[in-house]
Amino acid sequence: MEAAIVIRGVSKVFAGRNGLRVAALEQIDLTIGAGEFLCVVGPSGCGKTTLLRILAGLEQQSAGRVEIRSGEPGKPLTSMVFQETSIFPWLTVKDNVAYGLRMRRVPPAVQEPIVEHYLRLTGLDKFRDAYPHQLSGGMKQRVSVARAFANDPSILLLDEPFGSLDEQTRLLMQEELLRIWEAHRKTAVFVTHSIDEAIFLGDRVLVMTARPGRVKAILEVDLPRPRDLVNLRSQPAFLDLSRTIWHYLREEVRAEEHAGRKL
Amino acid sequence: MGKRWREAFAARTVSVLSPALLLAGWELLARAGLVDVRVFSSPSRILGTLIPALLSGELLYHTWVSVCRIVLGFAAGALPGVVLGLSMGLFPFVRAALQPMVAVTFPIPKLAIMPLILLVFGLGETSKVFTIAVGVFYLVLINTMAGVLNIDRIYLDVARSFGASRRDFYLTVALPGALPMIFAGFKLGMGTALLLIVAAELSAARAGVGYWIWRAYDMFDIERMFSALLMMSALGFVFSYALDVLERWVIPWKPPSSSAG
Ligand SMILES: Nc1ncnc2c1ncn2[C@@H]1O[C@H](COP(=O)(O)OP(=O)(O)OP(=O)(O)O)[C@@H](O)[C@H]1O
Ligand SMILES: [Mg+2]
């Protein structure tokens, strides 16, 4: 498989105001294939968001090299779904979804059907003219997902996009995300704290160590696509994988607790 | 519903009744000779002067002159205030370059530089408009900058990650994000403008509400003075109402505040 993202020896150190230096990432080596769906799990504060922000060009790594092979010309390289609420309070739902297209100066007549398509997909079409303060937390998150998809990037960066959704909506959105991904096969890097979600969605799962984040393990998800998320949970392959990831994560969380006690 | 409605009704009644009582008390005291009508006049005497002054169009003419100066001065101060405030909020470099000058010149009372303004701009309209503009400028500038600095960093990240141009940063993030604070600046600026117009029309003016007040003072015509004060109060009310309406129109995304009423 052709590589879409090559990460070599990437570290990130934040220099705090009080001279405190926080090492967020350490010596990350990772190659993400074109069209691959990579899920990232790891303890809170291990640098998952930092990694995505470096890929999005919002943060500069302190050391190492990041190479992003651009896909199709004329298309944006990456679009990010942010972890926190990030839709503009001063734009309507429709204008929020259209934001990326507008920044790229896509003619309004071309924007219109794209925006409508994603509004329908995310179940927001009745709220197209609403302002964010009129939406629930989960709806805001869906606007954020729609905004990233509508921008049609080569690489999707998703930072716990379904974190604040209830179980049913989350399942629907996961199925929808898979449907869209299977149709377009965009490279996707998906951060989650849910092991189930990582296995449901990913081709591979990257497990990170506690801070400073390093690559703890990379696991292949050997489950056929298209996946039936509802029945997946009871398959032996799913359970094995889930147990392995949990085992790795527990080590890391324990190690962190231990370090915390020593401090 | 009953209780809330009754409370609202009671509040409404009190806010009409209390000024009415004050006026009635004033009138009674004046008639009884307990306040000096030569200094404090009385409501009936003031009305007796105000109504003819309004009907003859004389007071309206002076009001119109002042309104023109206020509106021009306000616009001349607010526009650069917003543009510079947005730039200082968005770009640390611009902020570093201009902040010291703003910090040093802002505390100077604007009335204290009126003689200088008169020297530079002469006795004509420009000096009055400029005085108001200076007062409005600082308040709008400082509020706008604070408004931009208060915008959640995440929105700047979103704009950046979607490839926003410099112009997009101004128009899709900084301006809308700072609008509530910009309007707070406008309202403060309007208060200052009303203060400054009276001072500006003290010297070398041949018309205006301020001019009217000072003339009345020279002639010790207390009723004319009070008439003009009433006019100033009405102006203040109209301007702040207009700003409220404008604010609701340009900030449709602002959730209705629960403390209203
Ligand atoms: N701008 C910053 N300045 C200083 N420190 C930062 C900054 N951004 C992140 N950090 C630190 O870097 C570490 C990693 O943060 P990051 O947000 O990447 O974690 P995360 O894995 O996304 O956590 P979570 O799962 O809770 O979202 C944290 O310890 C955090 O405090
Ligand atoms: Mg995070």
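The values are calculated or read from the model by the stated rules, or taken from the named source; none is laboratory data. Source: prediction; values computed, not measured. Positions of Cβ are generated from backbone atoms using ideal geometry, with glycine treated the same way; all protein chains shown enter the neighbour counts. For the accessible areas, the whole protein counts, side chains as well, though only heavy atoms, and no ligand, DNA or RNA atoms are used. Shrake-Rupley method; radii C 1.70, N 1.55, O 1.52, S 1.80 Å.
Of note:
- In the range A:187-230, of all residues being basic (Lys, Arg) and either open to solvent by less than 20 Å² (accessible area, probe 1.4 Å) or within 24 Å of A:Glu256 (Cα to Cα) (or both), the one that is nearest to ligand 2 (Cβ to nearest atom) corresponds to A:Arg211.
- Being among the polar types (S, T, N, Q) and at the interface with another protein chain (Cβ under 9 Å from one of its Cβ atoms) is a description that applies to A:Asn151.
- Residue pairs whose Cβ atoms lie under 6 Å apart, sitting 6 or more positions apart in sequence or on different chains, and linking a residue in the range B:240-256 that is closer than 16 Å to B:Gly177 by Cα to a partner that is of a type in the set (Phe, Trp, Tyr), are B:Glu247/B:Phe183; B:Trp253/A:Trp90; B:Trp253/A:Tyr131.
- Residue match in the range A:55-78 (condition: near ligand 1 (Cβ under 10 Å from one of its atoms), among the β-branched types (Val, Ile, Thr) and modelled with pLDDT of 95 or more): no
- Taken over the range A:156-180, residues that are in contact (Cβ under 8 Å) with a residue 60 or more places away in the chain and more than 16 Å from ligand 1 (Cβ to nearest atom) amount to 1.
- Tallying residues that are more than 17 Å from A:Leu52 (Cα to Cα), hydrophobic (A, V, I, L, M, F, W, C) and buried (at least 18 other Cβ atoms within 10 Å of the Cβ) within the range A:148-177 yields 4.
- Residue check for B:Glu223: outside any loop (DSSP other than H, G, I, E, B), within 14 Å of another protein chain (Cβ to nearest Cβ), among the acidic types (Asp, Glu) and open to solvent by 20 Å² or more (accessible area, probe 1.4 Å): no
- A single member of A:Val22, A:Val41 is touching a strand residue (DSSP E or B) at 6+ places or on another chain (Cβ under 7 Å), of a type in the set (A, V, I, L, M, F, W, C), modelled with pLDDT under 95 and within 16 Å of ligand 2 (Cβ to nearest atom), and it is A:Val22.
- Of the residues in the range A:112-133, at least one is closer than 26 Å to A:His193 by Cβ, away from chain B (no Cβ under 14 Å) and open to solvent by less than 20 Å² (accessible area, probe 1.4 Å).
- Neighbours by Cβ (under 8 Å, 6+ apart or cross-chain): first from the range A:181-199, in contact (Cβ under 8 Å) with a residue 60 or more places away in the chain and farther than 21 Å from A:Arg243 by Cβ; second in a helix (DSSP H, G or I) and of a type in the set (Phe, Trp, Tyr): A:Ala188/A:Trp181
- Answer residue from the range A:231-246, given it is within 24 Å of A:Pro43 (Cα to Cα), in a helix (DSSP H, G or I) and touching a residue at least 12 places away in the same chain (Cβ under 8 Å) and is most open to solvent (accessible area, probe 1.4 Å) among those: A:Trp246
- Evaluated against (1) under 16 Å from the mean Cα position of the chain (by Cα); (2) in a loop (DSSP other than H, G, I, E, B); (3) away from every other protein chain (no Cβ under 14 Å); (4) not β-branched (Val, Ile, Thr), A:Leu51 falls short on exactly one condition, (2).
- Meeting the requirement of 3 or more residues that are touching a strand residue (DSSP E or B) at 6+ places or on another chain (Cβ under 7 Å), the helices (runs of 4 or more DSSP H) wholly within the range A:65-184 are A:137-150.
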